[in-house]
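Read the structure below first, then the notes.
The values are calculated or read from the model by the stated rules, or taken from the named source; none is laboratory data. Owing to the predicted nature of the structure, the values given are computational and were not obtained by experimental measurement. In this analysis, Cβ positions are derived from the backbone assuming ideal geometry, glycine residues included, and neighbour counts consider all displayed protein chains. We work out accessible area using only protein heavy atoms, side chains counted, and drop any ligands, DNA or RNA first. Shrake-Rupley method; radii C 1.70, N 1.55, O 1.52, S 1.80 Å.
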Amino acid sequence: MAGSLQRKVALVSGGKVDYFAKANPDLLFFEMAMQAAREAVADLGLQPKEFRRLIRERGGIVITHFADHFAGQLLGEALTRDYLGLNPAEACRVIGGGATGGLGVQAAMEKIASGRADIVIAIGYEKMSEVDTFQGNEFIALASDTVTDFPNGGYYPLYYAAMAQSYLDTFVGRTVSAGEIRDAFSKIAVMMRNNAQFNRRAQTSRENPYSTASTSGFIAVDDVVKSGIVATPSYRLDCCLMTDGASAVVLACEELARQLTDQPVYVTGIGNGTDCMRTGERPRTVGGLVADGLLFPHEREDPALVEYYRQLEYPGLHSFRAGRWAARKAYEMAGIRGNPLEYFDLIEIHDAFVISVVQTLEDLGMAPYGHACKLFSALPLADGRVPINPRIGGEKGLYVNPSGGLIGQMHAVGATGNTQAVDVLWQMQGKIKEKYGHAETQVPGPKTALFHSHAGTGSDITVTTVERGW
Amino acid sequence: MPVEDKPLDPGDKAYRPAKTEVLIVHRQVRIGYKKSYGGMSPYIKGIMGGGDARLLYTVCENAGGHDRGGILRFQVPRADCPECYGRTRWEQLPDGARFYVNTLSTAVELAGISFMDQLPVTVAWISAVLPGPEGAELDTLTAGMVRVEDYTRLKKGDELRPVFRHSPRASASDAMWVLKGTPKEGWPEGYVQSKNYRV
């Protein structure tokens, strides 16, 4: 596979809205973007006047938002640029379903790597509260085929639940039991939600003034199965949030990054992948992983695993081929050949639903297909709770979504992939206590990390790998 | 696009003023579309037939132009082959075709706004197998709503049969599915058996 970065690219600063919220009527979408951009600029120690001059003379802007119909505003990116005083400048909008934010951050990287810009600010936002939740769910379901799939019960939690059912049908009795899977799902939901309690900006944080009593605070595994079935086999607390929020990340070339910060985080690999939007059109090929050359180097070195994969129907509805494709490209660019579970210290992944966490860790090659549940079912419980920000996979393992992810922190679709980049940056810069008011979810000295974003039922997925630059 | 703003009650639960007392309005937007089904029109016309409805699929026999060789059969049908870029040929699924649940889920407590009054809504991804000694399975699955008495008992591998809306709406939901052998009283309201597919 081809692909390399022509110049080194660094993440240098980030910002977010003060509070992610189910509904934030106090801010227009470009006012949310201002909160995020202001923080990212302030963290660089630059005056906005200096920053805007840099963007105009040496830089560019990428703005991401997913669905025009949520805000009822086309070309919202222009209003955002206007509000941030960023005219005239090179700018574009990038969009790709739930991967919109991640694709935007990668577009910013490409601008710098190509030499077209030395500094880029990527801003993502979404204001989802101006329609009610059921209308919002229907808007999101418009990201399915509106001719064939949407008229048949169009509802994203159902699409994901069907993939969870397919996962159960494929692997229960083969690699894992139904009880282990449910145990893992509940522990994942608890881990995300409770990690978010140490992030005062998180939508479910009890310290967030926009949160409501019924949707904030710590939860236990029993709460998950008592929360009601949204779509079989998924419970309400298995599902991500819908959020008003914005996020911004500033990226720069190596020379400028060194001037702007002592703590640059360098991009080592980027990849994105695709698959059919109609999940029923994805291949169901026995041995497809092997036949299509989709194994990672560490998997190819394990004959038993290769043989198992020769018997496995892939991807079907149980796995995201797009995620594997994206990871393969990013790992190759970064020169990662070993087990990524051991290589990375930290990952922020798109946990739209608990099943997504399991599927994604397998797509990323961090556990064999059908086995990732065990990484979570092994977590100990005390009073129905897993430890805060546990290391996943033992001593050589990594930390998954210390931020609380989409289940605990936020899912303002156009901002989400951007937020994950900011979370990884702040983790590597050791800023979690400063930014979130608590140090409990600060990963100790991370050197390598990955962030991942995901659209639709896996139609577009991005993977970006980074390393500490000091 | 008609737009109508009305003041909203500040006591609404979403209203949480901070430093600025914000004004919130209720906005109703009405949009009408004139949609074409384009090259997929024969499929939609087929399922609009009520008691004479037909399920169509398309075939591309240009095996040499396909990634894995072999004939490709598409449900949902497509007018063009995604692999060799040739035009496909329309075929009708015969009465002897068999339909199976590949995977499924049921929306129990929540749904999109159009389906909230229909809960529980079961959707299955369905495989179709042609009759005959070779029993070729179509290469893709189609999603369809299934009406069953107890959704918790429906599972992968169950055999389904299609029923069709008596007064069609030119929607993919003009076809729905029931378990094979389901008596008439178990069919969804307003749906009938096609003479082409005995339940």
Residues being over 13 Å from A:GLY316 (Cβ atoms) and either facing another protein chain (nearest Cβ under 9 Å) or part of a helix (DSSP H, G or I) (or both): count how many of those fall in region A:165-179.
2
Output for region A:430-447, where each listed residue is of a type outside the set (Asp, Glu) and assigned to a loop (DSSP other than H, G, I, E, B):
A:GLY430, A:LYS431, A:GLY437, A:HIS438, A:ALA439, A:THR441, A:GLN442, A:VAL443, A:PRO444, A:GLY445, A:PRO446, A:LYS447
Out of A:LEU251, A:LEU317, sole residue that is over 23 Å from A:VAL357 (Cα atoms), in contact with a strand residue (DSSP E or B) (Cβ under 6 Å, 6 or more places away or on another chain) and in contact (Cβ under 8 Å) with a residue 40 or more places away in the chain:
A:LEU251
For A:GLY115, the lone unmet condition from (1) more than 12 Å from chain B (Cβ to nearest Cβ); (2) crowded, with 23+ Cβ neighbours inside 10 Å is (2)
Please note which strands (runs of 3 or more DSSP E) are completely contained in region A:205-316 and include at least 2 residues that are open to solvent by 30 Å² or more (accessible area, probe 1.4 Å) and within 28 Å of B:VAL76 (Cβ to Cβ).
A:265-274, A:284-286
May I ask you to say which residue of A:ALA40, A:ALA67, A:ALA33, A:ALA10 is modelled with pLDDT under 95 and within 23 Å of the chain's Cα centre (by Cα)?
A:ALA67
Evaluation of B:PRO82 against (1) within 30 Å of B:HIS166 (Cα to Cα); (2) at pLDDT 95 or above (one fails), failing number
(1)
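Per-residue answers, yes or no, for (1) in contact with a strand residue (DSSP E or B) (Cβ under 7 Å, 6 or more places away or on another chain); (2) of a type in the set (D, E, K, R):
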{"position": "A:GLN263", "(1), (2)": "no, no"}
{"position": "A:GLY271", "(1), (2)": "yes, no"}
{"position": "A:GLU281", "(1), (2)": "no, yes"}
{"position": "A:PRO297", "(1), (2)": "no, no"}
{"position": "A:GLU348", "(1), (2)": "yes, yes"}
{"position": "A:THR360", "(1), (2)": "yes, no"}
Checked region A:346-360 for anything open to solvent by less than 10 Å² (accessible area, probe 1.4 Å) and closer than 16 Å to A:TYR160 by Cβ; matches are A:ILE349, A:HIS350, A:ASP351, A:ALA352, A:VAL354, A:ILE355, A:SER356, A:VAL357, A:VAL358, A:GLN359, A:THR360
Neighbours by Cβ (under 8 Å, 6+ apart or cross-chain): first from region A:385-397, without any contact (Cβ under 8 Å) to a residue 12 or more places away in the chain; second aliphatic (A, V, I, L, M) and part of a loop (DSSP other than H, G, I, E, B)
A:PRO387/A:LEU379
Residues in region A:345-353: is at least one farther than 23 Å from A:THR170 by Cα, β-branched (Val, Ile, Thr) and more than 19 Å from the chain's Cα centre (by Cα)?
no
Identify, please: which residue in region A:278-301 is in contact (Cβ under 8 Å) with a residue 24 or more places away in the chain and within 11 Å of another protein chain (Cβ to nearest Cβ) and is, among those, nearest to B:ASN102 (Cα to Cα)?
A:GLY280
Where in region B:60-159 are there strands (runs of 3 or more DSSP E), lying wholly inside it, with at least 1 residues that are open to solvent by 20 Å² or more (accessible area, probe 1.4 Å) and free of Cβ contacts under 8 Å to residues at least 40 places away in the same chain?
B:89-92, B:121-129
Looking only at region A:187-200, count how many residues are touching a helix residue (DSSP H, G or I) at 6+ places or on another chain (Cβ under 7 Å), under 21 Å from A:ALA213 (Cα atoms) and part of a helix (DSSP H, G or I).
7
Would you mind telling me which numbered condition in (1) farther than 22 Å from A:ASN199 by Cβ; (2) surrounded by 24 or more Cβ atoms within 10 Å (Cβ to Cβ) A:ASN24 fails?
(1)
Between A:GLY397, A:GLY384, which is over 22 Å from A:ASP302 (Cα atoms), of a type in the set (Gly, Ala, Ser) and surrounded by fewer than 22 Cβ atoms within 10 Å (Cβ to Cβ)?
A:GLY384
Could you tell me how many of the residues in region B:101-119 are within 7 Å of chain A (Cβ to nearest Cβ) and modelled with pLDDT of 90 or more?
6
It is to be established whether one or more residues within region A:123-138 are part of a loop (DSSP other than H, G, I, E, B), in contact with a His (Cβ under 6 Å, 6 or more places away or on another chain) and among the β-branched types (Val, Ile, Thr).
no
Under 7 Å between Cβ atoms, which residue pairs at least 6 apart in sequence (or on different chains) link something in region A:217-244 that is at the interface with another protein chain (Cβ under 10 Å from one of its Cβ atoms) and more than 20 Å from A:SER129 (Cβ to Cβ) with a partner that is open to solvent by 30 Å² or more (accessible area, probe 1.4 Å) and of a type in the set (Val, Ile, Thr)?
A:ILE229/B:VAL108; A:ALA231/B:VAL108; A:THR232/B:VAL108; A:TYR235/A:VAL225; A:TYR235/A:ILE229
Inside region A:1-19, can you point out the residues that are within 14 Å of another protein chain (Cβ to nearest Cβ) and either more than 20 Å from A:GLY408 (Cα to Cα) or open to solvent by less than 20 Å² (accessible area, probe 1.4 Å) (or both)?
A:VAL17
Residues A:SER403, A:SER377: which one is of a type in the set (S, T, N, Q), touching an Asp or Glu at 6+ places or on another chain (Cβ under 6 Å) and within 15 Å of A:VAL443 (Cα to Cα)?
A:SER403
Checking the condition out of contact with any Gly (no Cβ under 8 Å at 6 or more places or on another chain), open to solvent by less than 90 Å² (accessible area, probe 1.4 Å), modelled with pLDDT of 85 or more and polar (S, T, N, Q), which residue from B:SER36, B:SER41 passes?
B:SER41
Any chance you could count how many residues in region A:127-164 are among the hydrophobic types (A, V, I, L, M, F, W, C), facing another protein chain (nearest Cβ under 7 Å) and surrounded by fewer than 21 Cβ atoms within 10 Å (Cβ to Cβ)?
2
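Yes/no per residue for (1) surrounded by fewer than 20 Cβ atoms within 10 Å (Cβ to Cβ); (2) over 17 Å from A:GLY124 (Cβ atoms):
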{"site": "A:PHE51", "(1), (2)": "no, yes"}
{"site": "A:GLU57", "(1), (2)": "yes, yes"}
{"site": "A:VAL62", "(1), (2)": "no, no"}
{"site": "A:PHE66", "(1), (2)": "no, no"}
{"site": "A:GLY72", "(1), (2)": "yes, yes"}
{"site": "A:LEU75", "(1), (2)": "yes, no"}
{"site": "A:ALA78", "(1), (2)": "yes, no"}
{"site": "A:GLU90", "(1), (2)": "yes, yes"}
